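Below is one structure, written out as structure tokens; the observations come after it.
Bear in mind these aren't lab numbers, they're just calculated from the coordinates by the rules spelled out. Owing to the predicted nature of the structure, the values given are computational and were not obtained by experimental measurement. When we count neighbours, we look across all protein chains shown, and the Cβ atoms used for this are built from the backbone with ideal geometry, even at glycine.
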Amino acid sequence: MIISKQWLLDDAPKSRTQAQLGRLYVVCLQLAHNPLAVIGAIIIGGLIITALFAPWIATHSPIAQDLSNRLLPPSSTHWMGTDELGRDIWSRVVFGSQITLTIVMLVAVIAAPLGLVVGAIAGYFGGWADRVLMSITDIFLSMPKLILALAFVAALGPGIENAIIAIAITSWPAYARIARAETLTIRNAEFVQAVKLQGASSTRIIARHILPLCTSSMIVRVTLDMAGIILTAAGLGFIGLGAQPPLPEWGAMISRGRVFILDQWWVATMPGFAIILVSLGFCFLGDGLRDVLDPKHGSE
Amino acid sequence: MGWAVNKNDDTAIAASQTEALSRYFARAVQVGTAFAKFVATIAVTFLGLAALTFFIGRVVPIDPVLAMVGDRASNEVYEAAKIEMGLDRPIPLQFVSYIWDVLNGNFGLSISTRQPVIEDLIRVFPATLEMATLGIIIGIVIGVPMGVTAAAHRGSWLDQVIRTVGLLGYSIPAFWLGLVGLAIFYARLRWTGGPGRIDVFFDGMIPPVTGMLLIDTLIAGEIDVFWNAVSHLVLPATILGFFSLAYIARMTRSFMLDQLSQEYVTTARVKGVPEFFVIWRHAFKPIRIQLITVISLSYAGLLEGSVMIETIFSWPGIGNYLTTALLNADMNAVLGSTLVIGAVFIFINKFSDVMYRILDPRARS
């Protein structure tokens with residue numbers, strides 16, 4: 001089997017894999033026409049590569065202290081300068097990408113399926129299940145996310161795991177809403193009736209036939225939410241409730257550089273640029289994906 | 001002349017009056033139901049919020065009794081305190097009494113200030129309100145024209161710039177922008193005041209009336225202090241305003257694009273209406289109601305966003321109070337501020353919802 005352009009664009013795919021790969025190819029082609037989406041994809045790709053190959057990309061150890069070289073300005077040996085303990089900021093930013101990527105992925109892995117399942121159950125069964133689940137969702141939705149996350153972390157105790165849990169708890173409701181809306185439109189479709197007549201159980205219908213159709217709008221929404229997740233995580237780190245020292249988390253690094261902002265500006269500003277770059281990348285990519293996958297809500 | 005109407009006219013007038021009355025009555029019922037629904041959803045959501053804070057308060061790993069009596073207390077003292085705090089009762093009962101306390105504004109004592117949390121909150125809230133209000137004004141005054149301009153010049157470089165500014169609003173950490181702003185505009189350029197609401201020199205000179213310094217200084221007639229307060233407020237409020245501006249401009253742009261693609265706009269253009277009037281008189285008018293929703297949502301968002309900004313600017317508002325409480329593990333204060341911010345947030349949220357329904361005929365049905 002050769003993966004050729006023709007094979008990918010075949011109007012009558014012979015297998016499920018071929019159809020899926022073909023669809024993926026079309027999406028990529030359309031994304032490539034959107035310059036901002038390409039920039040976004042490059043940034044996110046860069047983030048992933050940096051996180052995977054951090055030990056090779058970093059020039060120094062992220063935690064090794066060198067008190068004789070503290071608070072040095074950016075130079076050819078220390079590209080982003082050094083912090084108050086003489087640690088190389090570039091290397092810390094590079095290793096920080098691992099933390100950011102972990103947070104973002106874990107939140108997505110926890111919150112998206114949770115929201116999907118809640119929304120699909122509410123939409124599929126309707127009635128009181130819908131009413132109860134959706135009023136819980138609405139209560140969560142109408143609350144300030146950051147404040148709620150702060151309160152949760154305060155209760156659970158500071159730390160990166162608890163920050164992830166807190167952010168996930170506050171971000172699932174949006175996904176539940178989307179999944180419910182999608183389910184409502186699919187639930188009475190003929191193909192669902194068909195599998196129902198064949199004797200498929202509700203679990204099977206939801207898991208095999210409804211959830212897969214929710215994924216594309218889900219991917220769009222999750223990508224668009226990533227920037228917010230990164231900012232919240234950095235905010236928690238900044239306040240001192242997220243990742244704890246000596247972890248090179250970007251928000252916590254800004255917090256430590258706060259004291260030196262007037263004379264040694266690079267300590268606090270450099271990690272900020274990393275946050276902005278990555279968040280922008282997700283925004284660009286999310287916007288582009290929305291135009292391709294969810295044309296109804298695109299054109300914004 | 002008007003009194004001498006014949007019978008037919010009389011009944012006609014009566015009929016039209018009844019009709020007008022019944023229409024008026026139907027409208028009143030509509031608004032009434034909307035209002036009743038508003039009260040009901042808001043009550044349910046508040047209850048949910050209280051349930052959440054109650055839950056958060058209970059899953060705290062630290063023993064609340066131990067925090068109260070200290071770890072050197074004897075067993076008897078510990079048990080007595082536990083009973084006094086009502087923690088020996090079943091959880092549903094505790095929840096009911098918690099709701100009762102919340103309704104009475106009893107959030108307990110703050111560990112760090114040794115004062116009732118509710119008094120602290122009343123003291124610090126005006127500072128946040130002042131900053132958020134100025135922030136939203138900046139956001140509206142700049143954001144709405146920006147969004148309209150972007151939509152009017154769709155696809156041009158101006159549009160791209162405005163869109164990018166909008167996306168930056170989603171990507172820049174508020175605390176970072178605050179720090180950089182302080183470093184540049186306060187430390188380097190000396191254009192604005194530093195952290196805090198006022199120079200230390202003026203501290204305590206102004207008797208608090210509303211708690212909002214800009215108003216209190218004017219009441220006291222202290223113009224110097226007023227300008228000093230302005231210089232302190234302008235930077236944090238602008239930064240806060242930037243974030244609402246990003247959202248408002250983005251939404252305004254997409255609403256305007258919707259309108260500009262409508263046929264009545266084409267008609268107006270064909271008639272020869274100048275483009276400026278097409279945009280501001282024709283297309284802008286229908287989106288004002290949608291904008292009310294967007295603006296109130298971003299106002300609520302600013303109350304939340306002020307947490308970070310206040311921390312950076314040592315602004316003695318509710319956000320700063322909350323972060324201080326977080327770091328001291330002062331749970332009464334944390335939950336109290338969460339409740340208050342959450343309640344204000346929910347109220348604005350639902351209120352804008354109901355306003356939209358009352359104002360927009362299409363959303364009534």
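Summarise the long-distance tail of P(r) for the protein assembly as shown by giving the % of C-alpha pairs beyond 50 Å.
19
Let me check I have the definition right: for chain B, take the eigenvalues of the Cα gyration tensor, multiply each by 5, take square roots. What are those semi-axes in whole Å, largest first?
Semi-axes, largest first: 45, 33, 21 Å.
Send over the semi-axes of chain A's equivalent ellipsoid, whole angstrom and largest first, taken as the square roots of 5 times the C-alpha gyration tensor eigenvalues.
Listed largest to smallest, the semi-axes of chain A are 41, 25, 14 Å.
Rounded to whole Å, give me the distance from the Cα center of region B:254-313 to that of region A:146-225.
Centre-to-centre (Cα) distance: 31 Å.
Once both axes come from the Cα atoms, what is the angle between helix A:89-125 and the longest principal axis of chain A, in degrees from 0 to 90, rounded to 10?
The angle comes out near 20 degrees.
Just need the relative contact order of region A:1-136 here, percent rounded to a whole number, with Cα pairs under 8 Å and 6+ apart.
Relative contact order, region A:1-136: 15 percent.
Per Stokes-Einstein, at 10 °C and 1.306 mPa s, what whole-number D in µm² s⁻¹ belongs to region A:125-221, with the Kirkwood radius over Cα pairs as the hydrodynamic radius?
Taking Rh from Cα pairs, D becomes 103 µm²/s.
Length gain on complete extension for the stretch B:Trp280 to B:Val200, per 0.36 nm per residue less the alpha carbon to alpha carbon distance?
This chain segment gains 24.2 nm when fully extended.
So, R0 is 45 Å and r is the distance between the beta-carbons of B:Ala51 and B:Phe25; what FRET efficiency does that work out to, to 0.05?
0.70
Report the dimensions of region A:1-150 along its three principal axes from the alpha-carbon atoms, largest first, rounded to Å.
Largest to smallest, the principal-axis extents are 67, 50, 26 Å.
Once the Cα atoms of helix B:223-260 and of chain B are each reduced to a long axis, what angle between those two axes, in degrees from 0 to 90 to the nearest 10, is obtained?
50
Could you tell me whether region B:171-263 comes out rounded, prolate or oblate from its Cα gyration tensor? Rule is a ≥ b ≥ c as square roots of the eigenvalues, rounded for a/c under 1.5, then prolate if a/b exceeds b/c, otherwise oblate.
oblate
Can you pull the one-decimal nm distance between simple spin-label points at B:Glu119 and B:Val96, each 7 Å off the Cα toward Cβ?
So the label points at B:Glu119 and B:Val96 sit 3.1 nm apart.
Which FRET efficiency, nearest 0.05, do A:Leu277 and B:Leu189 yield, Cβ-Cβ r, R0 30 Å?
The value I calculate is 0.70.
Contact order normalised by length for chain B, with contacts defined as Cα pairs under 8 Å and 6 or more residues apart; what percent is it?
Value for chain B: 25 percent.
Which longest run of chain B has no exposed loop site in it, a site being trypsin sites (Lys or Arg not before Pro) in a DSSP loop with at most 14 other beta carbons within 10 Å, and the site itself not part of the run?
Segment B:191-363 is the longest.
Just rank A:Phe125, B:Phe38, A:Phe282, fewest to most, by other beta-carbon atoms within 10 angstrom.
Fewest to most other Cβ atoms nearby, the residues stand as A:Phe125, B:Phe38, A:Phe282.
Please give the helix B:75-84 orientation as an angle from the longest Cα principal axis of chain B, in degrees from 0 to 90, rounded to the nearest 10.
20
So how long is each side of region A:179-287 along the principal axes, counting just the alpha-carbon atoms, biggest first, in Å?
Extents along the principal axes: 72, 27, 16 Å.
If N is the number of residues in region A:72-120, what value comes out of its Cα radius of gyration divided by 2.2 N^0.38 Å?
This ratio for region A:72-120 stands at 1.86.
Using a Förster distance of 51 Å, how high is the FRET efficiency between A:Thr59 and B:Ala14, based on the Cβ-Cβ distance and rounded to 0.05?
0.05
Report the rotationally averaged projected area of region B:245-365 based on its alpha-carbon convex hull, in square nanometres.
So the Cα hull casts an average projection of 9.9 nm².
Two-decimal Rg/Rh of region A:86-173 from alpha-carbon positions, Kirkwood Rh?
Rg/Rh: 1.13.
Over chain A, what is the relative contact order in whole percent, taking alpha-carbon pairs under 8 Å and six or more residues apart?
22
Only sites in a loop by DSSP and with at most 13 other Cβ atoms within 10 Å count here; which chymotrypsin sites (Phe, Trp or Tyr not before Pro) in region B:164-258 make the cut?
Those satisfying the criteria are B:Trp191.
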